[in-house]
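Below is one structure, written out as structure tokens; the observations come after it.
The values are calculated or read from the model by the stated rules, or taken from the named source; none is laboratory data. Predicted model, so just to flag it, every value in this text is computed and none were measured. Because the Cβ atoms are built from the backbone with ideal geometry, glycine has one as well, and the counts that use them run over all protein chains shown. Side chains included, ligands, DNA and RNA excluded: accessible areas come from the protein's heavy atoms. Shrake-Rupley method; radii C 1.70, N 1.55, O 1.52, S 1.80 Å.
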Amino acid sequence: QPVLALDVGGTKLAAGVVAPDGALRSLCQVETVVGEGPAAVVKRLLDLGEQALAESGAQTGPSGERVVAVGVGCGGPLDPRTGVILGPPGLPGWDEVPLGRMVAERFGLPTYVENDATAAALGEYRWGGWDVRDLVYLTVSTGFGGGVVMDGKLFRGAARQGGELGHVVVDWQGRACGCGARGCAEAYVSGTSIARRAAEAVADRPDSSLAGPAAITAKDVADHARAGDAVARAIWDETTAMLGRMVAVLINVCEPQLVVLGGGVTRAGGELLDPVREAALRQAMPPASRACDVVLTRHGDAVGVLGAAAIAYERLR
Ligand code: ADP
Ligand code: ZN
């Protein structure tokens, strides 16, 4: 029986109906507009879920193929046991939002909430098409986070927040992070941080093609770097170097067979993957580095929805 999967990102909301073999029966997306606050965003998410149900042809009622549960991926910190969102840096105002209960009430189904990147790690393990037992997943999206699957099992930890990989420190005296610490990887390689660093750099370099009245996005930085702008190039190269260094640390610590990168910033493709892969495999210690590869998800924008679905199936058992 299929599940409904919901993915709450800082930039986009996604919803889909997913079969037990990972087949997507529907996939819908809409802009998040975080500035409107949790009530408006949750309403849009629930409506998007209804749309995904309708487009899949699956029924929540007694006839036809019945959707049996809902999986929800959202930026952490959150409590996966209660489904309460605990003020993620990427979702301002989401303090103690009972997202799990709100979703369960709308759809009348058991609902399982999980950190989005943790969920995506399980989705990649199950349905990524990789044939490995140990993998690390990293999402480079509005925020930056990750999850770890070891010997085919999701690593969670005692407080069940396991794998807050976005807050691995890459520079102990570095930039302030949304979590309150300094120098976290998230303060450099999230889409938001890439954009912010570029805006700061452009303030001193009005000759950059990034300069102008419009707000700079991570996509702009990638596009202008490719087109030859020196400021964008410097920010992009710093980003891939930081990410590569951090992936090397993860390879040393976890010894995964695979590091999978996903999220909106990975739409830059080889511009992101090639330097990150090179830096990570060069700087990680052998033999761990020789046992590992670094790849992009094959699932593109659906990676978050598939992750949320994987969590629903895992916890439904
Ligand atoms: P969410 O965080 O809501 O899941 P996404 O995964 O789509 O959303 O990530 C959004 C981020 O991806 C933004 O920072 C955006 O600028 C960036 N992005 C989108 N397209 C590209 C691209 N082609 N190259 C680099 N960054 C991109
Ligand atoms: Zn942090």
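Condition check ((1) under 23 Å from N252 (Cα atoms); (2) open to solvent by 50 Å² or more (accessible area, probe 1.4 Å); (3) in contact with a Gly (Cβ under 9 Å, 6 or more places away or on another chain); (4) among the hydrophobic types (A, V, I, L, M, F, W, C)) across all residues:
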residue	(1), (2), (3), (4)
G108	no, yes, no, no
E124	yes, no, yes, no
V148	yes, no, yes, yes
F155	yes, yes, yes, yes
A176	no, yes, yes, yes
R182	yes, yes, yes, no
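Could you list, in sequence order, all residues of the stretch 256-292 that are in a helix (DSSP H, G or I) and exposed (fewer than 14 other Cβ atoms within 10 Å of the Cβ)?
G270, D274, E278, R282, R290
Between L78, L46, L99, which is over 22 Å from T139 (Cβ atoms) and open to solvent by less than 40 Å² (accessible area, probe 1.4 Å)?
L46
Do we have T217 as open to solvent by 20 Å² or more (accessible area, probe 1.4 Å), β-branched (V, I, T) and either at pLDDT 95 or above or within 15 Å of R282 (Cα to Cα) (or both) here?
Criteria met by T217.
Is one or more of the residues making up the stretch 51-69 in contact (Cβ under 8 Å) with a residue 60 or more places away in the chain and either within 13 Å of ligand 1 (Cβ to nearest atom) or over 23 Å from N115 (Cβ atoms) (or both)?
Within the stretch 51-69, one or more residues are in contact (Cβ under 8 Å) with a residue 60 or more places away in the chain and either within 13 Å of ligand 1 (Cβ to nearest atom) or over 23 Å from N115 (Cβ atoms) (or both).
Could you list, in sequence order, all residues of the stretch 15-31 that are farther than 23 Å from R317 by Cβ and in contact with a Gly (Cβ under 6 Å, 6 or more places away or on another chain)?
Hits for the stretch 15-31 are S26, L27.
Every residue, every condition in (1) over 23 Å from G163 (Cβ atoms); (2) within 14 Å of ligand 1 (Cβ to nearest atom); (3) of a type in the set (D, E, K, R), yes or no:
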{"residue": "P20", "(1), (2), (3)": "yes, no, no"}
{"residue": "E31", "(1), (2), (3)": "yes, yes, yes"}
{"residue": "A40", "(1), (2), (3)": "yes, no, no"}
{"residue": "D47", "(1), (2), (3)": "yes, no, yes"}
{"residue": "P77", "(1), (2), (3)": "no, no, no"}
{"residue": "P89", "(1), (2), (3)": "no, yes, no"}
{"residue": "L109", "(1), (2), (3)": "yes, no, no"}
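Considering only residues of the stretch 151-188 that are part of a strand (DSSP E or B) and not aliphatic (A, V, I, L, M), which is nearest to ligand 1 (Cβ to nearest atom)?
Looking at the filtered set, the residue picked out is C184.
Identify all residues within the stretch 126-140 that are open to solvent by 60 Å² or more (accessible area, probe 1.4 Å) and under 21 Å from N252 (Cβ atoms); write none if there are none.
If the condition is that a residue be open to solvent by 60 Å² or more (accessible area, probe 1.4 Å) and under 21 Å from N252 (Cβ atoms), then R133 is the only one that fits.
Just name the residue that is nearest to G90 (Cα to Cα) out of those in the stretch 157-174 that are without any contact (Cβ under 8 Å) to a residue 60 or more places away in the chain, within 10 Å of ligand 2 (Cβ to nearest atom) and open to solvent by 50 Å² or more (accessible area, probe 1.4 Å).
The qualifying residue nearest to G90 (Cα to Cα) is H167.
Hey, among the residues in the stretch 7-33 that are open to solvent by 20 Å² or more (accessible area, probe 1.4 Å) and not in a loop (DSSP other than H, G, I, E, B), which one's nearest to ligand 2 (Cβ to nearest atom)?
It comes out as K12.
Quick test for you: out of G304, G270, pick the one residue that is without any contact (Cβ under 8 Å) to a residue 40 or more places away in the chain, within 12 Å of ligand 1 (Cβ to nearest atom) and not hydrophobic (A, V, I, L, M, F, W, C).
Going through G304, G270 in turn, just one is without any contact (Cβ under 8 Å) to a residue 40 or more places away in the chain, within 12 Å of ligand 1 (Cβ to nearest atom) and not hydrophobic (A, V, I, L, M, F, W, C): G270.
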